[in-house]
Amino acid sequence: MADLGGHGTWPWGPVVFAPDWVELARRLQPAVVNIAREDGTESLGSGFVISPDGRVVTNDHVIDRASGVQVTFADARRPAERPPGFADSGGPQPRVSIAT
C-alpha cells in the first residue's frame, strides 16, 4: 500500500498528483519569451530563459537560418542585445531540434 501523505493509501502503488497548472504558469511566466525572426519573415516562436545571463532555449525551426531574432518578454521588455549563445555557441543544434 502506498502512503498518500494524509490522503489515504492505494493498493496499486503511489499516486502522482498533477500540479496546479494555473499557479505553475503564473510562476514561470517571467521566463517565457516570444521570439520573432528579423529576416523579413512573419515567423514567430516561443522559448524560455534558462540562465541568469538570459540564455534562451527554443526549437531549432524557430531560428533556423535567421539573420537575427528579437526576444520579447511577457511584460513587453525587449533586450537590446542579441541573446547570449545565438552566435557564440554554434546556434541551432538540429539533431535535437533545440537552439540556444
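The values are calculated or read from the model by the stated rules, or taken from the named source; none is laboratory data. Everything numeric here is computed off the predicted structure, so don't read it as measured data. Please note: Cβ atoms are built from the backbone with ideal geometry, for glycine as well, and neighbour counts cover all protein chains shown.
Going residue by residue through the stretch 78-90, is there one that turns out to be modelled with pLDDT of 80 or more and closer than 26 Å to Ala25 by Cβ?
Yes.
Would you tally the residues in the stretch 10-66 being touching a strand residue (DSSP E or B) at 6+ places or on another chain (Cβ under 8 Å) and either of a type in the set (Ser, Thr, Tyr) or part of a helix (DSSP H, G or I) (or both)?
Qualifying residue count, the stretch 10-66: 10.
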